[in-house]
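Colleague: One structure coming up, written as structure tokens, with questions to follow.
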Amino acid sequence: MERIRVVIAEQDDTFRKNLKEMLTQSGYLVVGDSGDGMSALKMVRAIQPELVLAEAGLPGMTGLELAHIIEEGRLAAVVLMVDYAEKELVRNHHDRWTFPVLVKPFEEFQLLSVLEYSHMAYTKMVNLEHEVLRLRGDLETRKVVEKAKGILMRVHGLSEGAAFKKMQQQSMKKRTPMKKVAEAVIMAYEISEENIKKKKR
């Protein structure tokens, strides 16, 4: 099983070092650490880790801003760490995020539990989004193929099965996706219709 890669963004050097040791001993792979938000963001974009553990009060760019950018860009799973005094500040923005928040000080088992949950939830969400995009693509392809099939049936007097088979053969012959073949059929038909209309004018 591959180790989950983590970037730590924490301005306290000692605490950051402790977090790194804790995560490494627990089987995580810490691939980068930073003491400010902007450097952490550059690191995340360059390294593309699976998890980011960020302190809310980072200098330059706050951990909350960093977390929003990472989450919206689907760059990684995010866990935000806040001091007890910052809890209310973060709570006031609770409607703008879906990532977990850990209030310092926290125990090791709490950190590991939240990291595991965050990674699993993020992976599930990304997979679901990819599946939705795939289904949308399939639906769009089906619509285009149905339209092209109707054109071939009407223009060439083909049966539904024969029209589909004709496009399928073209797809295989030209090694082109069915959607592209269907779009070519539709375009050729529309150009032909437009030319007929021009001749009648």
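The values are calculated or read from the model by the stated rules, or taken from the named source; none is laboratory data. Remember, it's a predicted structure, so these values are computed and weren't measured experimentally. All Cβ positions, glycine included, derive from the backbone under ideal geometry; neighbour counts span all protein chains shown.
Colleague: Among the residues of segment 82-96, is any at pLDDT below 90, touching a strand residue (DSSP E or B) at 6+ places or on another chain (Cβ under 7 Å), outside any helix (DSSP H, G or I) and not basic (Lys, Arg)? Please lay out each step first, then the result.
Modeller: Within segment 82-96, the subset at pLDDT below 90 is 82-96.
Filter again for touching a strand residue (DSSP E or B) at 6+ places or on another chain (Cβ under 7 Å), leaving 82, 84, 87, 90.
From what's left, outside any helix (DSSP H, G or I): 82.
Keeping just the survivors that are not basic (Lys, Arg) gives 82.
Looking through segment 82-96, at least one residue is at pLDDT below 90, touching a strand residue (DSSP E or B) at 6+ places or on another chain (Cβ under 7 Å), outside any helix (DSSP H, G or I) and not basic (Lys, Arg).
Colleague: I'd like the full set of residues that are within 17 Å of Ala77 (Cβ to Cβ) and without any contact (Cβ under 8 Å) to a residue 60 or more places away in the chain, limited to segment 2-18.
Modeller: Hits for segment 2-18 are Glu2, Arg3, Arg5, Ile8, Ala9.
Colleague: Can I ask one more? Kindly indicate which of Tyr117, Tyr122 is touching a residue at least 12 places away in the same chain (Cβ under 8 Å) and surrounded by fewer than 14 Cβ atoms within 10 Å (Cβ to Cβ). Break it down into steps so the answer makes sense when it comes.
Modeller: Numbers: Tyr122 fails: surrounded by fewer than 14 Cβ atoms within 10 Å (Cβ to Cβ).
It is Tyr117.
Colleague: Could you list, in sequence order, the residues of segment 33-75 that are crowded, with 23+ Cβ neighbours inside 10 Å, over 19 Å from Phe15 (Cα atoms) and of a type in the set (Gly, Ala, Ser)?
Modeller: Passing the criteria: only Ala67.
Conditions tested, residue by residue: (1) among the polar types (S, T, N, Q); (2) part of a helix (DSSP H, G or I); (3) touching a His at 6+ places or on another chain (Cβ under 9 Å); (4) assigned by TED's automatic domain parsing to the domain that holds Met187.
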position	(1), (2), (3), (4)
Leu115	no, yes, no, no
Asp138	no, yes, no, yes
Thr141	yes, yes, no, yes
Glu146	no, yes, no, yes
Lys149	no, yes, no, yes
Leu152	no, yes, no, yes
Val155	no, yes, no, yes
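Colleague: From the list Arg142, Arg134, which one is over 30 Å from Arg16 (Cα atoms) and either β-branched (Val, Ile, Thr) or under 15 Å from the mean Cα position of the chain (by Cα) (or both)? Before you say what the answer is, go through the steps one by one.
Modeller: Values: Arg142 fails: either β-branched (Val, Ile, Thr) or under 15 Å from the mean Cα position of the chain (by Cα) (or both).
Unique residue meeting the criteria: Arg134.
Colleague: Pick from Glu190, Glu194, Glu160: which is at pLDDT below 85, over 35 Å from the mean Cα position of the chain (by Cα) and of a type outside the set (Ser, Thr, Tyr)?
Modeller: Numbers: Glu190 fails: at pLDDT below 85; Glu160 fails: at pLDDT below 85.
One residue alone meets the criteria, Glu194.
Colleague: Kindly list the number of the only condition in (1) without any contact (Cβ under 8 Å) to a residue 40 or more places away in the chain; (2) farther than 30 Å from Val79 by Cα; (3) surrounded by 13 or more Cβ atoms within 10 Å (Cβ to Cβ); (4) not polar (S, T, N, Q) that fails for Val144.
Modeller: (1)
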